[in-house]
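Peer 1: Okay, handing you the structure first.
The values are calculated or read from the model by the stated rules, or taken from the named source; none is laboratory data. Predicted model only: the values in this text are computed from it and were never measured. Here the Cβ positions follow ideal geometry from the backbone for every residue, glycine too, while neighbour counts run over all protein chains shown. Ligands, DNA and RNA are stripped out before the accessible areas are found, and what is left, the full protein with its side chains, is counted by its heavy atoms. Shrake-Rupley method; radii C 1.70, N 1.55, O 1.52, S 1.80 Å.
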Amino acid sequence: MGLQPLEFSDCYLDSPWFRERIRAHEAELERTNKFIKELIKDGKNLIAATKSLSAAQRKFAHSLRDFKFEFIGDAETDDERCIDASLREFSNFLKNLEEQREIMALSVTETLIKPLEKFRKEQLGAVKEEKKKFDKETEKNYSLIDKHLNLSAKKKDSHLQEADIQVEQNRQHFYELSLEYVCKLQEIQERKKFEFVEPMLSFFQGMFTFYHQGHELAKDFNHYKMELQINIQNTRNRFEGTRSEVEELMNKIRQNPKDHKRASQFTAEGYLYVQEKRPPPFGSSWVKHYCMYRKAAKKFNIIPFEHRSGGKLGDGEVFFLKECIRRHTDSIDRRFCFDVEAADRPGVSLTMQAFSEEERKQWLEALGGKEALFPSFNRAIIPRPEGSAQLDKMGFTILRKCISAVETRDVKTCNEVDLENSIDWEVKTITSALKQYLRSLPEPLMTYELHGDFIVPAKSGSPESRVNAIHFLVHKLPEKNKEMLDILVKHLTNVSNHSKQNLMTVANLGVVFGPTLMRPQEETVAAIMDLKFQNIVVEILIENHEKIFRTLPDATLPEPVTLSASPPNAPPRQSKRQGQRTKRPVAVYNLCIELEDGDRPNLPKEDTPPSSLDSFSSPSPTAAAAHGPPGPDKNHLLADGGTFGDWASTAASQARSSTVQWLNPQSPTTPSCNPAVTPPSPKLSSFPLSLPAAVADRPPESVISRKARAVYPCEAEHSSELSFEIGAIFEDVQTSREPGWLEGTLNGKRGLIPQNYVKLL
């Protein structure tokens, strides 16, 4: 049962039961007051906790924003760029969420805390004041009555009448105050139902608004999340393929490290201990140096380096070799020693110690010493045995037979297959044979010569420029190579058109056939890191098969930049300020840099043996993944034995191409040269190319009153530098005191120009 109503008529009787009802009302209001006081305290704690959570979330968002993934190699794939940008997207999402949380925290103060404090102060506080008056008047009234009733009847009538009037006036005042107090008690009991609950309603409305905003942000984020999941899956798939290749190369080098030394611009390089002579009585000491020698220029570089001190690199020295003499053990108390005499330092002779007798003989060979018995350090790329397969009539027959068998036969029978055998060939067996044939060719179908050129457009550029560049390069292939590539890519296009059934998306086919159609001539970790770009090239071939193979390249478009047309050892833009990251020019595919014959790199053409060959009798699961449909409707394409059964469907490639922000070198707003905002572009000196020694060691010639044309776009990072677009013509170009920079005038302004960003006219 609730509180009993307080009747106004009871104020005149002021019965004990009336007083009990008043005390019940007062106790309820006191309980309400304590509850609201505690609720306000909890609300303030909630606001403080919300602000602490918001601060932690913002700190977390800042940490995400400030971190950047580094990548191995000279460029990232589009998927990797999206993954790299995802941390900033996550940061922005949290930032937007915390902005809504701050709004909610403010609304809690305005809509809950302040109204409750006002209600407690103005309403409940007023009732407390009324209670004090009521209690005071009650005491006064009944005290006066007691005093009045104690008056003697013998008092004068006038005195008694005056006392009666005073008591009556006081009783009337008490009744009026009692009426007002009773009215206030009942009013506040009714008022609290809406003045207390209404702020709570506003509080929850603000909270639900916050969660609704979070829901809307999540809906907006969901599309990006789906695209990012595809980017992550593609990157994971490429990682799996790359990891196996890296492990295979590691095992090869582990078994025979001497046969896998990389080609180098130095005739010899490695660690030697160099004797440093000191004045008496200190004697001499032996310090480990990393030494590099170029035989053509007889240039010797030595750099002190100590692994045990945390990899501390000392100041290097350069001198030109005059002669090298082997030291006998009877002339020095150390083994494996030899002396070198500097041509530019008369009378200076250094004693060096190799790690072994074999290494000393190799250094003597490289330095022109007496014991020239072993090959030079600068090993050429190891020739690989030729495969048995050839691009001849038999090869084309094998290719067409395998493709026809995969695309036309029923999954349960082999009646349509004429492979001169009655065995019920499985799809993976046929496709393994096809891949083995392609890997057994003396060189990959897309040739060693054009391998690096195909990689370049896959590393950056707009979608259109990539297609145009690869279109142009495909038509530079030998005719037989292009014809066979056309047949194969047409088949892969057919396979990808049924990816919903066979799960072989364009991206998956790129992973399978990238290493088969494109193989580097030299096996290195750097080359393996480019596998993902090989996959992208194959994806472009599949997605644009009709254009690339059925039409000629647009003759009105300039030829794309290729590795073979790149300046040897083209240096990155050099910074005048220390501590900055090396800058790379933005890759552009609509210009051609012509070189003189003497500047063109001489890349050896050597054959590559088949690697990871699939067996005709026991095909690998991976090889079985990229094949045609087993039935006319192709619904069963690759359903039996493909390794990508759990991969994403065709949405992967479509979503990726629709969400990635591609660098368009022809756009009006050219990206800055600053590495923080410039997308990674391929180094034009990916191969170990070098200028002739006489040119490399010579300072740049002074350029007086020459003109130059910009071959790369650039955005100035300092007031002393010039910003320019491709094709800009500079006047009065001269060498600068800053290494790697020129001075020139553009549009009336004179400033510094990166030397490797322009071509002298």
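Peer 1: Being free of Cβ contacts under 8 Å to residues at least 40 places away in the same chain and not β-branched (Val, Ile, Thr), is that true of even one residue in segment 258-270?
Peer 2: Yes, segment 258-270 has at least one match.
Peer 1: Further, regarding this structure: Take the residues of segment 249-298 that are charged (D, E, K, R) and modelled with pLDDT of 85 or more: which is farthest from the chain's Cα centre (by Cα)?
Peer 2: Once the filter is applied, the top-ranked residue is Lys298.
Peer 1: Here is a follow-up. Scan the helices (runs of 4 or more DSSP H) fully inside segment 72-161 and keep the ones with 3 or more residues being of a type outside the set (D, E, K, R) and surrounded by 18 or more Cβ atoms within 10 Å (Cβ to Cβ). Working first, answer last.
Peer 2: Details: elements: 78-108, 114-119, 125-149.
The qualifying helices (runs of 4 or more DSSP H) are 78-108, 125-149.
Peer 1: Against the definition (assigned to a strand (DSSP E or B) and out of contact with any Leu (no Cβ under 6 Å at 6 or more places or on another chain)), how does Phe320 come out, yes or no?
Peer 2: yes
Peer 1: Moving to a separate point now. Could you check segment 22-71 and list, in sequence order, the residues that are at pLDDT below 90 and either exposed (fewer than 11 other Cβ atoms within 10 Å of the Cβ) or not in a helix (DSSP H, G or I) (or both)?
Peer 2: Hits for segment 22-71 are Asp66, Phe67, Lys68, Phe69, Glu70, Phe71.
Peer 1: Output the residues belonging to segment 705-749 that are in contact with a Gly (Cβ under 7 Å, 6 or more places away or on another chain) and of a type outside the set (Asp, Glu).
Peer 2: The answer is Ala708, Arg709, Ala710, Ser720, Leu722, Phe730, Val733.
Peer 1: Something else about it: Out of curiosity, is Arg19 basic (Lys, Arg), assigned by the TED database to the domain that holds Ala105, open to solvent by less than 80 Å² (accessible area, probe 1.4 Å) and without any contact (Cβ under 8 Å) to a residue 40 or more places away in the chain?
Peer 2: Spelling it out, Arg19 is indeed basic (Lys, Arg), assigned by the TED database to the domain that holds Ala105, open to solvent by less than 80 Å² (accessible area, probe 1.4 Å) and without any contact (Cβ under 8 Å) to a residue 40 or more places away in the chain.
Peer 1: With the checklist (1) in contact with an Asp or Glu (Cβ under 9 Å, 6 or more places away or on another chain); (2) outside the structural domain of Phe35 (by the TED database) in hand, flag the one item Leu177 doesn't pass.
Peer 2: (2)
Peer 1: Phe300 versus (1) surrounded by 14 or more Cβ atoms within 10 Å (Cβ to Cβ); (2) touching a Pro at 6+ places or on another chain (Cβ under 8 Å): which is the lone unmet condition?
Peer 2: Result: Phe300 fails condition (2) only.
Peer 1: Shifting gears a bit: Restricting to segment 210-228, name every residue that is out of contact with any Ser or Thr (no Cβ under 6 Å at 6 or more places or on another chain), in contact (Cβ under 8 Å) with a residue 60 or more places away in the chain and either open to solvent by 60 Å² or more (accessible area, probe 1.4 Å) or acidic (Asp, Glu) (or both).
Peer 2: Gln213, Met226
Peer 1: Right, next: Which of the residues belonging to segment 516-532 are farther than 17 Å from Arg262 by Cβ and assigned to a helix (DSSP H, G or I)?
Peer 2: Answer for segment 516-532, where residues must be farther than 17 Å from Arg262 by Cβ and assigned to a helix (DSSP H, G or I): Thr516, Leu517, Leu531, Lys532.
Peer 1: Continuing with this model, one more query. How about segment 717-739: which of its residues are open to solvent by less than 30 Å² (accessible area, probe 1.4 Å) and under 28 Å from Pro558 (Cα atoms)?
Peer 2: Answer for segment 717-739, where residues must be open to solvent by less than 30 Å² (accessible area, probe 1.4 Å) and under 28 Å from Pro558 (Cα atoms): Leu722, Phe724, Ala728, Phe730, Val733.
Peer 1: Pairs under 6 Å by beta carbon, first residue over 25 Å from Met226 (Cβ atoms) in segment 58-79, partner among the aliphatic types (A, V, I, L, M), six or more apart or different chains?
Peer 2: Matching pairs, first to second residue: Ile72/Met529; Gly73/Met529.
Peer 1: To continue, here is another question. Which residue is farthest from the chain's Cα centre (by Cα), if the candidates are limited to segment 162-185 and must be surrounded by 15 or more Cβ atoms within 10 Å (Cβ to Cβ) and of a type in the set (S, T, N, Q)?
Peer 2: If we take residues in segment 162-185 being surrounded by 15 or more Cβ atoms within 10 Å (Cβ to Cβ) and of a type in the set (S, T, N, Q), then Asn170 is farthest from the chain's Cα centre (by Cα).
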